[in-house]
Amino acid sequence: MKFSVSSSELLKRLQMANGAIASNPVLPILEDFLFTIENNRLTIATSDLETSFTTTMDVMADHNGLVAIPGKILLDTIKALPAQPITFSIDEDNYSIEITSAYGKYKQKGEQGRDYPAIPQPDEVDAITLPAQMLTNGVNKTLFATSTDELRPAMTGVYFQIDFNKLIMVATDAHKLVKYSFSNVESEVSTSFIIPKKALNLLKATLPDVGEVKLSFSKTNAFFSFGDNRLACRLIDARYPDYNAVIPVDNPKVLTASRTDFQSSLKRIAIYANKTTNQVVLRLNEGSLNISAQDLDFANEAVEQLPCSYDGDPLAIGFNARFLIEMLGVLESDEVRLEMSTPTRAGILFPVEEMQGEDILMLVMPVMLNG
């Protein structure tokens with residue numbers, strides 16, 4: 001089997017697919033790229049048995065066939081070549097592979113492609129179509145809030161809730177929570193499922209800026225199709241916590257401030273905070289926000305005053321600075337609104353300006369004040 005392809009186009013596809021390869025795969029063949037040629041179309045597939053990625057491109061081939069090619073050496077070789085046409089020659093008796101470039105020849109040993117585990121296919125699925133930009137926004141704004149606690153598997157992924165004309169994405173680690181909604185969705189079903197973090201990181205890295213994404217789902221898998229690419233992942237089989245129960249509804253104390261000024265101030269003050277709790281204290285009065293932190297073990301202390309708009313009785317409340325900085329970092333509006341009630345109840349962070357059809361809410365639990 002022989003085929004020719006552009007090295008730069010191939011590199012782009014290999015780099016996308018490489019995200020599904022595990023660093024220590026359970027089967028040695030899962031370190032490979034599976035190449036399948038059919039009617040002058042090359043499909044490149046990778047998998048770690050939980051997440052798989054396939055991408056298809058045009059090539060010039062003499063006939064159909066398939067082969068598994070060791071991933072690292074192939075990727076390193078194509079990366080090191082300047083853009084040019086290259087030719088692959090595969091001996092179908094012993095799966096040896098020879099790559100010919102303008103500079104010379106490179107040989108490596110492949111494996112029987114039929115030994116590669118089957119890539120899941122979207123059979124018996126429901127589907128919705130989403131704008132790629134909206135899905136990227138949703139992933140960017142929720143992924144950071146997922147948990148790393150493997151004892152609570154549901155919270156290690158992002159919860160997708162499809163409700164006919166709305167998609168809701170939720171992530172929480174029990175200290176912070178993000179709820180992102182998008183209303184311009186058409187679906188004939190109402191359902192929910194949890195998508196693992198690895199699949200969403202890979203999706204974030206490969207989604208286009210424009211166009212649409214088809215999201216298909218069954219009871220066990222989700223499939224994202226966009227352009228010539230398809231990502232499949234096994235869903236997390238766990239029950240997601242009732243996130244609405246933890247969102248306080250009556251929050252009469254409202255702070256409005258510049259997002260970048262608030263974030264910059266928190267970054268400076270956090271340097272002086274206790275490294276275990278990262279606690280900063282917000283003291284709110286009409287027209288003024290006082291941000292302070294101290295680390296008694298090292299006699300470190302810092303305080304700053306920020307102009308703001310504040311509606312409510314004076315309040316002193318403690319938060320983990322790292323959580324607030326992360327949240328402010330993924331919001332895009334010039335101003336943010338922080339709604340609170342008491343020093344022991346969660347604060348709710350909103351962007352003041354939102355894109356049409358989008359709705360985002362971020363919750364952060366307080367840190368108890370000393371004394």
For this session: Specify which of the listed residues (73, 29) is touching a strand residue (DSSP E or B) at 6+ places or on another chain (Cβ under 6 Å), touching a residue at least 60 places away in the same chain (Cβ under 8 Å), in a helix (DSSP H, G or I) and of a type outside the set (S, T, N, Q).
Result: 29
For this session: Scan the stretch 7-42 for residues that are within 16 Å of residue 227 (Cβ to Cβ), among the charged types (D, E, K, R) and within 24 Å of the chain's Cα centre (by Cα) and jot them down.
Result: 12, 13
For this session: Could you check, for the stretch 179-186, whether at least one of its residues is over 30 Å from residue 364 (Cα atoms) and in contact with a strand residue (DSSP E or B) (Cβ under 8 Å, 6 or more places away or on another chain)?
Result: yes
Exercise. Of the residues in the stretch 76-108, how many are surrounded by fewer than 17 Cβ atoms within 10 Å (Cβ to Cβ) and in contact (Cβ under 8 Å) with a residue 60 or more places away in the chain?
Worked result: 8
For this session: Tell me, please, whether a residue that is among the β-branched types (Val, Ile, Thr), in a strand (DSSP E or B) and in contact with an Asp or Glu (Cβ under 6 Å, 6 or more places away or on another chain) can be found in the stretch 273-290.
Result: no
Exercise. Of everything in the stretch 333-351 that's surrounded by fewer than 18 Cβ atoms within 10 Å (Cβ to Cβ) and under 16 Å from residue 264 (Cβ atoms), which residue is nearest to the chain's Cα centre (by Cα)?
Worked result: 333
For this session: Could you list, in sequence order, all residues of the stretch 159-182 that are touching a Gly at 6+ places or on another chain (Cβ under 8 Å) and touching a residue at least 40 places away in the same chain (Cβ under 8 Å)?
Result: 180, 182
Exercise. If you go through the stretch 118-134 one residue at a time, how many are farther than 18 Å from residue 55 by Cβ and either part of a strand (DSSP E or B) or not charged (D, E, K, R) (or both)?
Worked result: 9
Exercise. Which residue pairs have Cβ atoms closer than 6 Å, lie 6 or more positions apart in sequence or on different chains, and pair a first residue in the stretch 289-311 that is under 27 Å from residue 251 (Cβ atoms) with a second residue that is open to solvent by less than 90 Å² (accessible area, probe 1.4 Å) and among the polar types (S, T, N, Q)?
Worked result: 291/265; 303/292; 304/265; 305/290; 306/265; 309/256
For this session: Identify the residue in the stretch 161-193 that is part of a loop (DSSP other than H, G, I, E, B) and among the aliphatic types (A, V, I, L, M) and, among all such residues, is least open to solvent (accessible area, probe 1.4 Å).
Result: 185
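The values are calculated or read from the model by the stated rules, or taken from the named source; none is laboratory data. All of these numbers come straight from a predicted model, not from anything done at the bench. Please note: Cβ atoms are built from the backbone with ideal geometry, for glycine as well, and neighbour counts cover all protein chains shown. All accessible areas refer to the heavy atoms of the entire protein, side chains included, with ligands and DNA or RNA removed. Shrake-Rupley method; radii C 1.70, N 1.55, O 1.52, S 1.80 Å.
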